[in-house]
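The values are calculated or read from the model by the stated rules, or taken from the named source; none is laboratory data. Since this is a predicted model, take the numbers as computed values, not measurements. Backbone-built Cβ (ideal geometry, glycine too); neighbour counts: all protein chains shown.
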Amino acid sequence: MLQTKLCNIKLKNPTILASGILGVTKESIGRIGKSGAGAVTLKSLCHEERLGNANPAMFSDDGAFLNAVGLPGQGIDSAVKEFQRLDNLSVPVIGSIYGYRIKQFGIVAKKMASLKPSMIEVDISCPHLDYGKPYYADTQLTAEVTKVVKKNAGRIPVSIKLSPNVYDIKEIAHAAEKAGADAITAINTATAMAIDVDARKPVLANKIGGLSGPALKPIALRCVYEIYETVKIPIIGTGGVTYGKDALEMIMAGSTCVGIGSGIYYRGIGIFKKVCDEMEAWMRKNKVKSLKEIRGCAHD
Amino acid sequence: MMEIGRVVQEARGIKSFFFKNYINCKPGQFVMVWLPGVDEKPMAVSYWKKNEFAFTSSAIGNFTKALNMLKKGDKVGIRGPYGNSFSLKQNACVVGGGVGMASVSALIDALKNPVVINGARSKEHLIYRKRYKNKNMIVTTDDGSYGRKGFTTAALDEVLLKNKTIRIVYVCGPEIMIKNVLEICNKHRIECEASLERYMSCGFGICGKCMINDRILCIDGPIFNSRQISKLSEFGKFARLKSGKKVTIKEYHSVNA
Ligand SMILES: Cc1cc2nc3c(=O)[nH]c(=O)nc-3n(C[C@H](O)[C@H](O)[C@H](O)COP(=O)(O)O)c2cc1C
């Protein structure tokens, strides 16, 4: 009922662990896979080891989840040693990469490709890292990064992960597609802040962070809806998916798969199976046999 | 944020911070303590009553040094408690090494007459000596400056040889000590639960930094039993740095110290 094809990858269901939530170690992949995710995205890796920002790096207040982890990571070289290969695990794995400079995107992509992930996702959209240039906010830069990664990824499909922190996400998605992207992941977090009234200071050590979780969903839906009207390549709709109903909304807005990250905070690692069960229950009740029938149905 | 009600000096560089607040907490759980502008770190709840709790901190790094400057009336951010808890079985022997005692002390208070083995490098590093003076407590110091000279493990081996009523051992301390305690327990065929430590950031199972094999220490742990630990090939050997990089326990401690 839920089988989904993303580019050339066959998934048992459309739920995908979003980048940056668990997904740091090789053994966490198996754990998330066993818990029911259709695919697992690794925490983004770049050309060097990074400690990330000071703590508190995460905060949650009801439906709003904030983080400013600052892209900590062991670096691609160390990760290549730890992971060895990504094509022989129990679930399809998406390798997430980024760099500071355009050239570095290419170098990291090539090393990631050597691990044979099912897909390479390019994080051009992290809101709390100074790239020097905001790759996510400029059609020209998005296109350049896409081309460099495509050139180094060989036959592995490439998804470009977009940010909602732009004036027009449609033109960015269009630029990525034109430059050869095989898919779009939308969206990363929206820049945000939390203040503690007792401390009279921002909670996050980095002051500004990224908003995810239920509070992000309406923005994510709008972005997916707009992108679906602009490009033909598949979309991994991400942002606030917590219940089966949220996943169905994403698919109706036009996404092929749904990313789930902060949802783990609200419902535990079992969230993938729960969301799938809830989707199936709705589909049975409404006599929908496959997700194809409802994909993009919210559009005129 | 919560206001510090009182501060108790437990040993050289080691203090307990008390809060007149209720938290719904079980023995073995921890809270995340935030010092605005400094850092946020996990701290085991070391005293727990209906309307008061405390954690015990040893001034080692930046954060704990800043923490140990705080006084009654100062405020710190507290979230949690997080993590799983000890099983609370009776006829227990509880072993604490150094400030690891703080992770098993709420447990000691919740048990009926446990045998307590409290070990430290020397007398001035020893905590809770007065707190547990009425308990069945064996104190060991590495240098013999107080109690028995030697390690907690030697004392445990003797206790388990002599006292056949003991059914479970609870332990927290340096990982090498926990490893040795587990071996002694296995030799005597006695169940053991240990509180483990890894670098932690979120405390609620999202960031994936505290993983030990496929276990997420902050939500699956910090308490693991002998059977669970026997499946953790990284136990006693590897830990992850703040970046997520896997290194030897020795390197981990040299960086995190
Ligand atoms: C703690 C945390 C860390 C994240 N790290 C990354 C990252 O390294 N790379 C990335 O592309 N997105 C990262 N994200 C963004 C998520 O992948 C996702 O796009 C966003 O959180 C929205 O989805 P959600 O509401 O399901 O969490 C992170 C999100 C969180 C909460």
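Within the range B:192-216, the set of residues being without any contact (Cβ under 8 Å) to a residue 40 or more places away in the chain and more than 16 Å from the ligand (Cβ to nearest atom) comprises B:Cys192, B:Ala194, B:Leu196, B:Glu197, B:Ile212, B:Asn213, B:Asp214, B:Arg215. Of the listed requirements (1) within 14 Å of chain B (Cβ to nearest Cβ); (2) closer than 25 Å to A:Met119 by Cα; (3) touching a Phe, Trp or Tyr at 6+ places or on another chain (Cβ under 8 Å), A:Gly254 misses just one: (1). Considering the range A:196-216, the residues that are on the phi > 0 side of the Ramachandran plot and more than 10 Å from chain B (Cβ to nearest Cβ) include one that is surrounded by the most Cβ atoms within 10 Å (Cβ to Cβ), namely A:Gly213. Picking from residues in the range A:202-228 that are part of a strand (DSSP E or B) and within 12 Å of the ligand (Cβ to nearest atom), the one that is nearest to A:Ala68 (Cα to Cα) is A:Gly209. Meeting the requirement of 2 or more residues that are surrounded by fewer than 20 Cβ atoms within 10 Å (Cβ to Cβ) and more than 14 Å from chain A (Cβ to nearest Cβ), the strands (runs of 3 or more DSSP E) wholly within the range B:120-225 are B:136-141. Of the residues in the range A:42-52, none is away from every other protein chain (no Cβ under 14 Å), within 19 Å of A:Leu6 (Cβ to Cβ) and modelled with pLDDT of 95 or more. Residues in the range B:50-67 include at least one that is closer than 21 Å to B:Ile127 by Cα, within 14 Å of another protein chain (Cβ to nearest Cβ) and among the polar types (S, T, N, Q). Of the residues making up the range B:212-257, those that are in contact with a Ser or Thr (Cβ under 6 Å, 6 or more places away or on another chain) and closer than 21 Å to B:Val104 by Cβ are B:Pro222, B:Ile223.
Report yes if A:Ile251 is more than 8 Å from the ligand (Cβ to nearest atom), assigned to a helix (DSSP H, G or I) and crowded, with 21+ Cβ neighbours inside 10 Å, otherwise no. So A:Ile251 fits the description; yes. If the condition is being at pLDDT 95 or above and either part of a loop (DSSP other than H, G, I, E, B) or surrounded by fewer than 24 Cβ atoms within 10 Å (Cβ to Cβ) (or both), then the range A:6-19 contributes A:Cys7, A:Ile9, A:Lys10, A:Leu11, A:Lys12, A:Asn13, A:Pro14, A:Ala18, A:Ser19.
Selection of the range B:103-119 for residues being of a type in the set (S, T, N, Q) and surrounded by 21 or more Cβ atoms within 10 Å (Cβ to Cβ) yields B:Ser103, B:Ser105, B:Asn118. Residues that are more than 9 Å from chain B (Cβ to nearest Cβ) and out of contact with any Ser or Thr (no Cβ under 7 Å at 6 or more places or on another chain) were ranked within the range A:67-80; the one that is farthest from the ligand (Cβ to nearest atom) is A:Asp77. Examine the range A:28-40 for a residue that is under 30 Å from A:Ile195 (Cα atoms) and within 13 Å of the ligand (Cβ to nearest atom), and state whether such a residue exists. No, the range A:28-40 has no match at all.
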